[in-house]
Amino acid sequence: MVRLAAVLGCPISHSLSPRIHNHWISVHGMTGFYSAIDTPPAQLGTTLEALPRLGFVGVNVTLPLKQLALARADVVTENARRIGASNMLTFTGNGIEADNTDTYGFTWNIRQMIPSWRPSTAAVLGAGGAARAIVVALQDAGARQILLCNRTQETAQQLACDIGGAITVVPWQERHDMLAACDTLINTTSLGMMGKEPLSLRLDALPGTAVVNDIVYVPLETELLRGARLRGNPVVDGLGMLLHQAVPAFDRWFCQRPQVDETLRNLVMNA
Ligand code: ATR
């Protein structure tokens, strides 16, 4: 049986997802293919009608389609509903099922690197789409308090209101001092990414045992991670979140649990 899957987005040519899934298809000796389909928002509906008829088992969706994808689904998982966005649509006998695997990707990236990680008080910088999935993931991983700090405070307030639970919105100017209470620090902003402004954050108050994760992965070691590593904090880079979020989709569509290992990391980094 030939299994087909794809990633939809606009633009999509830069996507690393085909490289990840096609590597696993090859590792498992399967017959199948994972492609990238450029899909402007206005064409999402017709594309989702056509693909199951062509034999596709499911699609990942990325910017700018993640919210639209949720609206198009017949069945929505609790996870996708809480985040308010979907990155994974499966074509089933009951129509389109929407899920979100960014939570899984975030959590298992940290767990693979630091198996003992148990968040209690976490600081999250940023309040965009990635932050929504990460806040849900932190709550599911047991975090009792989340300090959410974003340049635009209203966006953070909206996120806290939508997701609920113990989320304290912290003004952007107070990001340095809030670190004193944290065992986990996550940067979900684009600051520190190659070609963007650096993230200005003083780590003096951060406990030395706090886990620091940056979802930026170009460069692999951001200034934040470098600063944290040099003062002895455990650090986790952002590449693993991209790789791990693909695991549940591959498992569901190709019926094999794939591995995230050094070979895959090298393959994707050298893309
Ligand atoms: P994603 O969906 O990948 O999370 P996004 O929705 O564009 O991307 O979010 C980007 C995040 O980076 C936002 O939290 C944004 O803050 P604002 O809500 O204030 O825009 C943050 N960000 C981007 N540029 C920034 C800058 N120069 N200083 C501080 N925060 C910035």
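A 1.4 Å probe run over the stretch 115-233, with the rest of the protein chains in place, finds 46 Å² accessible per residue. Add +1 for every Lys or Arg and -1 for every Asp or Glu among the other residues with Cβ under 13 Å from the Cβ of residue 222, and state the total. So the surrounding residues net to -2.
Can you list the trypsin sites (Lys or Arg not before Pro) in the stretch 193-236 that are in a DSSP coil and have 15 or fewer other beta carbons within 10 angstrom? Walk me through the numbers on the way to the answer.
Working: sites: 196, 202, 226, 229, 231; in loops: 196, 202, 231.
Answer in residue order: 196, 202, 231.
Based on the Kirkwood approach, the hydrodynamic radius assigned to the stretch 115-233 is 14.2 Å, with every pair of different Cα atoms included. Across the accessible surface of the chain, with the other protein chains kept in place and a 1.4 Å probe, carbon and sulfur atoms take up 52 percent. What is the stretch 41-123 by shape, rounded, prolate or oblate, if you read a ≥ b ≥ c off the alpha carbon gyration tensor as root eigenvalues and call it rounded for a/c under 1.5, prolate for a/b larger than b/c, and oblate otherwise? Prolate, because a/c is 1.5 or more and a/b exceeds b/c. Ordered from largest to smallest accessible area (heavy atoms of protein chains, 1.4 Å probe), the residues 190, 13, 86, 26 come out as 13, 26, 190, 86. Looking at the stretch 1-103, the accessible area is 46 square angstrom per residue; that uses a 1.4 Å probe and ignores ligands, DNA and RNA. Each distinct pair of alpha carbons in the chain adds a 1/r term; the inverse of their mean, the Kirkwood radius, is 19.2 Å.
Estimated translational diffusion coefficient (Stokes-Einstein, Kirkwood radius over Cα pairs, 25 °C, 0.890 mPa s) of the stretch 13-54: 206 µm² per second. Relative to the longest principal axis of the Cα atoms of the chain, the long axis of helix 44-53 makes an angle of roughly 50 degrees. Of 114, 186, the residue with the largest accessible area leads and the full order is 114, 186 (1.4 Å probe).
Helix-derived [θ] at 222 nm for the chain: sum -39500 (n - 2.57) over DSSP H runs of at least 4, divide by residue count, nearest 500? Kindly include the intermediate steps, with their values, before the conclusion.
Details: 11 runs with 100 residues, N = 271.
About -10500 deg cm²/dmol.
Beyond 21 Å, what share of the Cα-Cα pairs of the stretch 86-160 remains, rounded to the nearest whole percent? I get 36 percent for the Cα pairs in the stretch 86-160 exceeding 21 Å. Round to the nearest 10 and give me the degree value, 0 to 90, for the angle of helix 102-113's Cα axis relative to the longest principal axis of the chain. In the chain, helix 102-113 runs at an angle near 60 degrees to the longest axis.
Roughly what % of Cα-Cα distances in the stretch 144-210 sit above 13 Å, to the whole percent? All intermediate terms of the calculation are to be shown ahead of the outcome.
Details: 1475 of 2211 pairs.
In whole percent, the long-distance tail amounts to 67.
The values are calculated or read from the model by the stated rules, or taken from the named source; none is laboratory data. This structure is a prediction, so every number in the text was calculated from the model and none was measured. We place every Cβ from the backbone using ideal geometry, glycine too, and count neighbours over all the protein chains shown. Accessible surface is based on the protein model in full, side chains and every heavy atom, while ligands, DNA and RNA are left aside. Shrake-Rupley method; radii C 1.70, N 1.55, O 1.52, S 1.80 Å.
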